[in-house]
Amino acid sequence: MNINFQSIGIIHSPFKTLEGMPIQPAGARGVKGTVDIFNDFCAGLKDLDGFSHIFLLYYFHESRGYQLNVVPYMDTEPRGLFATRAPKRPNPIGLSVVKLDKIDNATLYIQNIDVLDGTPLLDIKPYVPDFDAHTNVRIGWLEQVRKNVTEQRSDSRFK
């Protein structure tokens, strides 16, 4: 099955290259950015300003190809691709939860952004703790290294 997506906007961040970028929003606390929504989709922003946090779903536009086993950030051991958040994937779609500061016309002002500048936005969804926050979760191999996420930065391994 062939699936096509249409970008609804562009994400802007201070990160012009992949190297040195935070690998997750937890490592980008306080980093500010904007999202410009294309005119055809602005009506969909109605009521979004009532939410403090949103999910951004986006296209890893600099990602080419993939391997089903990768050495992820924060590890030295090969892992199955689907047990990682590596950007090189069969369907290169990223997901970040960011803080929504305000909306001004077609521009969203956000914080905690860990995305490359110029990234195409595919969708926005409100973050709702009652729907999205879970307790008693297992996090596999990340249990041993999760504390490092705030310090870990991107390098060239997924270029």
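The values are calculated or read from the model by the stated rules, or taken from the named source; none is laboratory data. Every value quoted in this text rests on a predicted model; they were computed, and no experiment measured them. Here the Cβ is made from the backbone with ideal geometry for all residues, glycine too, and neighbour counts use every protein chain on show. These accessible areas exclude ligands, DNA and RNA; they are computed on the full protein's heavy atoms, side chains included. Shrake-Rupley method; radii C 1.70, N 1.55, O 1.52, S 1.80 Å.
Restricting to DSSP loop positions (anything but H, G, I, E, B) with no more than 11 other Cβ atoms inside 10 Å of their own Cβ, which trypsin sites (Lys or Arg not before Pro) remain in the stretch 54-126?
Passing sites in the stretch 54-126 are ARG64.
For ARG79, list long-range residues whose amide hydrogen, built 1.01 Å from N in the peptide plane, is under 5 Å from its own amide hydrogen.
VAL70, VAL71
Kindly report the accessible area of the stretch 24-119 per residue (heavy atoms of protein chains, probe 1.4 Å, no ligands, DNA or RNA), in Å².
On a per-residue basis, the stretch 24-119 sits at 54 Å².
Taking the Cα centre of the chain as the origin and placing charges on Cβ (Lys, Arg +1; Asp, Glu -1), which of PHE41, ASN2, TYR127 is farthest toward the positive end of the dipole?
ASN2
Kindly provide the helix-only [θ] at 222 nm of the chain, computed as the sum of -39,500 (n - 2.57) over DSSP H runs of four or more divided by all residues, to the nearest 500 deg cm²/dmol?
-500 deg cm²/dmol
Can you tell me the FRET efficiency between THR76 and CYS42 if r is taken as the Cβ-Cβ distance and R0 is 41 Å, rounded to the nearest 0.05?
After rounding, the FRET efficiency stands at 0.35.
Here are some pairs, LYS16/LYS125; LYS46/LYS125; LYS102/LYS125; which of them have Cα atoms lying more than 18 Å apart in this structure?
LYS16/LYS125
Could you check how much of the accessible area of the chain is carbon and sulfur, as a whole percent, using a 1.4 Å probe?
Result for the chain: 51 percent of the exposed heavy-atom area is carbon or sulfur.
Counting Lys and Arg as +1 and Asp and Glu as -1, each charge on the Cβ, what is the dipole of the chain about the Cα centre in debye, to the nearest 20?
460
Quote to one decimal, in nm, the extra length available between GLU143 and GLN67 on full extension: 0.36 nm per residue of separation minus the C-alpha distance between them.
25.0 nm
At a Förster distance of 41 Å, what's the computed FRET efficiency of ASP104 paired with GLU19, Cβ-Cβ distance as r, to 0.05?
0.85
What are the residues whose amide H is under 5 Å from the amide H of ILE93, where those residues sit 5 or more places off or on another chain and H is modelled from the backbone?
Excluding prolines and chain starts, which carry no amide H, the hits are PHE60.
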